[in-house]
Amino acid sequence: MPKDAHTKAAEHHENAAKSHRSAAEYHGKGDHDKGREHSTTAHGHSKTAHEHSEAAHKKSQTAK
């Protein structure tokens, strides 16, 4: 179902955003090791979010 695919993509986008905010906070405090760790996590969530977004788009196109 396309709605489920879009929901999954949104969850990954939200996780990426949280990790990006954490990375920015740690970098701002000068804790660059923790900042890089959160940046790496954010990147992983972003990649997964993109993959789920593409899948959701394809499912939406075939549902028409």
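The values are calculated or read from the model by the stated rules, or taken from the named source; none is laboratory data. Predicted model only: the values in this text are computed from it and were never measured. Ideal geometry is used to build each Cβ from the backbone, glycine not excepted, and the neighbour counts take in all protein chains shown.
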Problem - Subset of the range 23-50 [of a type outside the set (Lys, Arg), more than 25 Å from His6 (Cβ to Cβ) and either at pLDDT below 95 or in contact with a helix residue (DSSP H, G or I) (Cβ under 7 Å, 6 or more places away or on another chain) (or both)] - result: Ala23, Tyr26, His27, Gly35, His38, Ser39
Fill in the blank from the handout: Within the range 1-43, the residues that are assigned to a helix (DSSP H, G or I) and basic (Lys, Arg) are Lys3, Lys8, Lys18, Arg21, Lys34, Arg36
